[in-house]
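Contents: one structure, followed by commentary.
Bear in mind these aren't lab numbers, they're just calculated from the coordinates by the rules spelled out. Keep in mind that this is a model prediction, so the values were computed, not measured. Cβ placement follows ideal geometry from the backbone for every residue including glycine, while neighbour counts extend to all protein chains displayed.
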Amino acid sequence: MRDVALNWNDLGAAMRPVMFFALVAVSFPLGLGADPQLLREVAPGLVWVAALLSVLLALDGLFRDDVLDGTLEQWLLSDLPLSLTVLSRVTAQWIAHVLPVVLMGPLVALGLGLTFDTALILMATLALGTPTVMLLGSLGSALLAPARSGSGLLGLLVLPLFIPILVFGAGTTMAYAGGAEVSAQMALLGAMFVAALSLLPAAIAAALRIVTGG
Amino acid sequence: MARTWQWFHRWGSPPHVFHAGRQWQLGFGVAGFALLTLGWVWGLAFAPVDYQQGNSYRIIFLHVPVAFLAQSLYMAMAAAGLVLLVWKMKIADLVIQATLPIGAVITFLALVTGAIWGKPTWGTYWVWDARLTSMLILLFLYLGGMALRPALPSDVAGRAVALLLVVGVINIPIIKYSVEWWNTLHQGATLKLTERPAMPASMWVPLVISILAMYCLAGFWVLQRLRTLLLLRESKAKWAREWVGEKYGL
């Protein structure tokens, strides 16, 4: 909770991913041309790619300050299991930095010409998918916590791991737009989230222990 | 019990790995070279011409072995990563370090030979086919592993890379599956490998020989790098000084 509040205090930083997201989304029509048919077809993919990039931005330096200023040592010493502390940290970061993107996503999609229903489905896939992406990416952030220049590297480490979510997130939306039943794909996205939620906090905690030499 | 595990523990000792590794390296090198000569001469010169693809199919004798190897090497590294994380055997770190660049080059080679083969067969160098795409992602996983080490302090880098590889290997089947799903969803008129009749033995026997050869050669390369890395890391140790002294008369 404190993390969320802290992020609230630093509203400018917390808004950076969503502003970045909006700008990337605006750049696509400018680059691709304003043909409504084309934009409608590529919209789910565009929104998802833009969302992944803004998650990368939200992940940048997630644990760096904690390692540098000794907060991490306190986590290690505290009675709470490290994986739980890590999970709450990641959740707070997701709420502050990525949730705005999830809410903004359907607006951008409407702007690109998707129907209202499809935009809602897109939002649902973003809401289910971005937490998984956030957890996967946090692993990269944790590994890079002591690195001096991590941001460029983070993308190389974690973007390949994001691919299943991208495929299912954008794919589900496109399938829905094409008139297909999507509950199975939604269930798969949910399954990936549950798997990530149960396995990755421990892996992130292990990563933090490794990089701090603990 | 202690006796049965002794051989395993011995492979944790640098001098043992260095000296016994030399024998293995020699064996792999000779076997790999012999098998490759046999497989390629047979495959390139004597195997029958494919009735659909003509002679262009002969790149299979390079392409398929390296494609096999690209995935096996990643698995092997992830296994070494697990050994490092669980048993803290320091040698496993060097195994990973030795294998990473080789694996990346092999994966790149698989992609390039695939593209060269694709041109005469499919009429294009690249299609967004499920297998091609997952191979490309594998290349990025290799590159990520290679890029992580220099970014971190050296005392923790090894285990960090190992963790990344282990997580990567859990993800590989999911990535593969999702890419296949994505591909079948989008690509109605997909470019398939032309339906071939079941390969005659005169084609697949040299192929299997080439695959075995490539595995042996990979063992040779990995051991070569592993032993060099060992010598560098242990350059202050007595056994290493003695060996260099004997070999080069320093």
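General remarks:
- Residues B:Leu82 and A:Ser88, FRET efficiency given R0 of 25 Å [Cβ-Cβ distance, rounded to 0.05]: 0.30
- When the protein assembly as shown is described by a simple charge dipole with +1 on each Lys and Arg Cβ and -1 on each Asp and Glu Cβ, the residue from B:Trp182, A:Pro36, B:Val64 located farthest towards its positive end is B:Val64.
- Sorted fewest first by neighbouring Cβ atoms within 10 angstrom, B:Tyr74, B:Tyr125, B:Tyr248 come out as B:Tyr248, B:Tyr125, B:Tyr74.
- Computed from phi, the 3J(HN,Hα) profile of the stretch A:93-104 under the Karplus parametrisation 6.51, -1.76, 1.60 (θ = phi - 60°) reads 5, 5, 4, 6, 9, 9, 3, x, 5, 4, 6, 6 Hz, with x in place of Gly and Pro.
- Annotation: amide H-H contacts under 5 Å for B:Glu234 (H modelled 1.01 Å from N, sequence separation of 5 or more, or interchain): none.
- B:Val205-B:Trp126 FRET efficiency (beta carbon distance; Förster radius 30 Å; 0.05 resolution): 0.45
- Gain in span if fully extended, A:Ser198 to A:Leu120, counting 0.36 nm per residue against the direct Cα distance: 25.4 nm
- What the Cα convex hull of the stretch A:2-211 gives, in volume per residue, is 112 Å³.
- B:Ala147 paired with B:Val105, simple spin-label distance in nm, labels 7 Å along Cα-to-beta-carbon: 2.1
- Per residue of peptide A:186-193, the mean number of Cβ atoms on other chains within 10 Å of the residue Cβ is 1.
- With a Förster radius of 22 Å applied to the C-beta separation of B:Glu246 and B:Trp11, the computed FRET efficiency comes to 0.45.
- Estimated inter-spin distance, A:Leu38 and B:Ala115, nm [label 7 Å along Cα→Cβ]: 2.5
- Each residue of the stretch B:107-123 was assigned a 3J(HN,Hα) from its phi angle through the Karplus curve 6.51 cos²θ - 1.76 cosθ + 1.60 (θ = phi - 60°); the sequence is 4, 4, 4, 4, 5, 5, 5, x, 5, 5, 6, x, 4, x, 8, 9, x Hz, with glycine and proline shown as x.
- Ranked by the mean number of other Cβ atoms within 10 Å of their residues, highest first, the peptides B:89-96, A:49-56 fall in the order A:49-56, B:89-96.
- Peptide A:137-143 is shielded by partner chain Cβ atoms: per residue, an average of 3 of them sit within 10 Å of its Cβ.
- For chain A, calculated [θ]222 nm from helices alone, where every DSSP H run of n ≥ 4 adds -39500 (n - 2.57): -27500 deg cm²/dmol
- About its Cα centre, chain A has a charge dipole of approximately 160 debye under the convention of +1 per Lys or Arg Cβ and -1 per Asp or Glu Cβ, with nothing else charged.
- Extension gain, B:Glu234 to B:Asp155: 0.36 nm times the residue separation minus the Cα-Cα distance gives 26.9 nm.
- Relative contact order (%) - chain B, alpha-carbon pairs under 8 angstrom, separation at least six: 36
- Cα-based shape type of the protein assembly as shown, given that a ≥ b ≥ c are square roots of the gyration tensor eigenvalues and the cut on a/c is 1.5: oblate
- Shielding by other protein chains, A:158-166, mean Cβ within 10 Å: 6
- Helical runs assigned H by DSSP (4 residues or longer) give chain B a calculated mean residue ellipticity at 222 nm of -28000 deg cm²/dmol, each run adding -39500 (n - 2.57) before division by the residue total.
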